[in-house]
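Below you'll find the structure, written out as C-alpha cells, and then a few comments.
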Amino acid sequence: MKKIFAANWKLFKTPKETREFFAQFKEVANKATGELVFFPSAISLEAASTSLTGTTIKWGAQNCYFQASGAFTGENSAQVVKELGGSYVLIGHSERRKIFGETDALIAEKVAFTQGLGLTPMLCIGETLEEREASHTFRVLETQLYLGLAKADKTKPVVIAYEPVWAIGTGKVATPEQVAETHTDVFNILSKLGFAQSPILYGGSVKPDNAAGLIKQPHVNGFLVGGASLEVKSFSEIAAV
Ligand code: 13P
C-alpha cells in the first residue's frame with residue numbers, strides 16, 4: 001500500500017507563511033517515499049491551492065460542515081475545498097472532538113458528505129490516557145470507527161488516522177510496540193466493518209528521530225504530523241523514511 005505523509009498545520013501559518021513554506025518545500029518534495037498531504041488552516045487554503053497547482057502534492061481542509069452551503073455562520077464548505085482543487089478533509093480530530101464538542105454522529109455525517117463530493121475523508125480516532133490506563137483502548141477505537149463510518153461508502157476511499165490523545169503535542173510518542181498492537185487492532189476492526197483497504201496513519205509526536213522505527217510496524221501506512229510538519233526540514237525528513 002502506498003504510504004501517506006500528512007501535515008496538520010492546525011491554527012498556524014498565515015497565507016504568506018504558507019506560500020513561503022511551499023516555495024521551499026517543493027525543492028525537496030521529490031525525496032518523499034509516499035503521497036504528501038497538507039492541511040493548512042481554512043484561510044490559508046487558497047494560498048496552498050495556488051502554491052501547489054501543477055504538483056503532485058495534495059491538500060485539504062482540517063474540518064468542514066456536512067452541507068455545501070446555507071445559513072451556517074463560521075463553518076467551512078467542502079464544496080469550496082473541491083472547487084479550489086483540494087483532495088482531502090480531516091474529520092474528527094481529537095481537538096475538534098474535545099474543544100468543539102464534535103460527536104461521532106456529526107463526524108459520521110461529515111465523512112459521508114465529503115465522500116459524496118469526491119473528497120477523501122481522513123477520519124481521526126484515538127483514546128485518552130485515562131481510557132488507555134483503564135484498558136479501554138480497543139473499545140474506544142471500535143466505537144469511534146463503528147459510529148464514524150456508519151454512513152460511509154465502502155466503495156470510496158477513506159483514510160484513518162490513529163492519534164492517541166495523550167501523544168498529541170506532548171512529545172510523548174507511542175512506543176513501536178504500542179503502535180504495532182493498536183494498528184493491528186484498528187486493521188482488524190476496519191476489516192470487520194468492510195474497510196480493510198483503508199490506509200491507517202499514526203499521529204502523535206512524530207519526529208524525524210522516531211519516524212523510522214514507527215513506519216516499520218505492521219499496518220502503519222504513514223503519518224499525520226502536527227508540530228514537526230511546520231518546518232520544511234523536519235517534515236521532509238519524516239516523509240523520506
Ligand atoms: P503533534 O505531531 O504535534 O503531536 O500533533 C499530532 C496531531 O495532532 C496531528 O493531527
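The test for being more than 19 Å from the chain's Cα centre (by Cα) and at negative phi does not hold for SER87.
Every test in (1) of a type outside the set (Gly, Ala, Ser); (2) over 22 Å from TYR88 (Cα atoms); (3) within 17 Å of the chain's Cα centre (by Cα) is passed by GLN144 save one, and that test is (2). The set of residues in segment 216-231 that are on the phi < 0 side of the Ramachandran plot and open to solvent by less than 30 Å² (accessible area, probe 1.4 Å) comprises VAL220, ASN221, PHE223, LEU224, VAL225, GLY226, ALA228, SER229.
May I ask you to list the residues in segment 179-196 that are touching a residue at least 12 places away in the same chain (Cβ under 8 Å) and more than 15 Å from the ligand (Cβ to nearest atom)?
ALA180, THR182, HIS183, THR184, ASP185, VAL186, PHE187, ILE189, LEU190, LEU193, GLY194, PHE195
Restricting attention to segment 77-126 and to residues that are among the hydroxyl-bearing types (Ser, Thr, Tyr) and within 16 Å of the ligand (Cβ to nearest atom), the residue that is nearest to ALA47 (Cα to Cα) turns out to be TYR88. Each residue in segment 197-214 was checked for being part of a helix (DSSP H, G or I), open to solvent by 20 Å² or more (accessible area, probe 1.4 Å), within 15 Å of the ligand (Cβ to nearest atom) and not polar (S, T, N, Q), and 2 of them qualify.
When segment 24-38 is filtered for residues that are assigned to a helix (DSSP H, G or I), touching a residue at least 12 places away in the same chain (Cβ under 8 Å) and either within 13 Å of the ligand (Cβ to nearest atom) or open to solvent by 60 Å² or more (accessible area, probe 1.4 Å) (or both), the ones remaining, listed by number, are GLN24, LYS26, LYS31.
In the set LYS3, LYS58, which member is touching a residue at least 24 places away in the same chain (Cβ under 8 Å) and either under 20 Å from GLN115 (Cα atoms) or among the small types (Gly, Ala, Ser) (or both)? Among LYS3, LYS58, only LYS58 is touching a residue at least 24 places away in the same chain (Cβ under 8 Å) and either under 20 Å from GLN115 (Cα atoms) or among the small types (Gly, Ala, Ser) (or both).
The values are calculated or read from the model by the stated rules, or taken from the named source; none is laboratory data. It should be emphasised that the depicted structure is a prediction, and the values quoted were computed from it without experimental measurement. Quick reminder, even Gly has a Cβ in these numbers, built from the backbone with ideal geometry, and neighbours come from all protein chains shown. For accessibility, only protein heavy atoms count, side chains too; no ligands or nucleic acids. Shrake-Rupley method; radii C 1.70, N 1.55, O 1.52, S 1.80 Å.
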